[in-house]
Amino acid sequence: AEFDVDINPNPVCAGDTVYVSINAMAAGTYEWNVISGNADIQTYPDRAIIIPQSEGKIVFTVTQTTEFCNFVSQPLPFEFTVNPRPRVALGRDTIICDQDQGFELSIDGDYVDITWDNGSKENSIFVEESGVYKVSVTDENGCTGYDEITIKDFCCKVYYPNIISFSSSNYVNRQFQ
């Protein structure tokens, strides 16, 4: 009997757990094996959970045993690629001074989608107040990376101390003695 598999999610990104289910006309049981690539597998009669341990191509086989005629298929190979997640970096947490005019948070790279937590889709946003700022980026493989930065308030009020501090009465007294 013929069968196929559904691989979810698709595309597969680093860190994803992959769920593989059988698409078959006839009832049967299935034997699963990872034959290439670095992945752990948990098998069930009609599905498997594959947990990739590294990026790259994962090849697995599925052998079908049909219940009625006790037919055992050849192991059919299937594969998917574990794509890297984009690494986006907003930098280290920093401070903002209430005397400053603000500053720009920006990301480098060419992404299919950029979304800041304020809804902006631009490569950069202008920051004028403290808070946590988050961005997610999606690359051409459909993989998403995230980063966030905490901007803390730092009061920068400028104080001009009175450098010349003396009592006028003492000054006057000293001058005329």
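Could you list, in sequence order, all residues of the range 74-116 that are open to solvent by less than 100 Å² (accessible area, probe 1.4 Å), closer than 22 Å to Phe154 by Cβ and among the charged types (D, E, K, R)?
Asp93, Asp98, Asp100
Please give the number of the condition Val127 fails out of (1) open to solvent by less than 20 Å² (accessible area, probe 1.4 Å); (2) closer than 25 Å to Glu148 by Cβ; (3) in contact (Cβ under 8 Å) with a residue 40 or more places away in the chain.
(3)
Has the range 126-135 got any residue that is touching a Ser or Thr at 6+ places or on another chain (Cβ under 6 Å), modelled with pLDDT of 85 or more and part of a strand (DSSP E or B)?
Within the range 126-135, one or more residues are touching a Ser or Thr at 6+ places or on another chain (Cβ under 6 Å), modelled with pLDDT of 85 or more and part of a strand (DSSP E or B).
Filter the range 39-54 down to residues that are open to solvent by 80 Å² or more (accessible area, probe 1.4 Å) and over 29 Å from Phe71 (Cα atoms), then give me how many there are.
Final tally of qualifying residues: 1.
Does the range 114-134 hold any residues that are touching a Gly at 6+ places or on another chain (Cβ under 9 Å) and aliphatic (A, V, I, L, M), and which are they?
Answer for the range 114-134, where residues must be touching a Gly at 6+ places or on another chain (Cβ under 9 Å) and aliphatic (A, V, I, L, M): just Val127.
For the range 42-52, how many residues meet the condition of being modelled with pLDDT of 95 or more and either among the β-branched types (Val, Ile, Thr) or not in a strand (DSSP E or B) (or both)?
3
Suppose we keep only residues that are more than 27 Å from the chain's Cα centre (by Cα) and loosely packed, with under 15 Cβ neighbours inside 10 Å within the range 10-32. Which one would you say is nearest to Arg87 (Cα to Cα)?
Per the stated criteria, the residue is Asn23.
The values are calculated or read from the model by the stated rules, or taken from the named source; none is laboratory data. The structure presented is a predicted model; accordingly, all values stated were derived computationally and were not measured. Cβ sites come from the backbone with ideal geometry, for glycine too, and all protein chains shown count toward neighbours. Heads up: the accessible areas ignore ligands, DNA and RNA and are worked out on the full protein's heavy atoms, side chains in. Shrake-Rupley method; radii C 1.70, N 1.55, O 1.52, S 1.80 Å.
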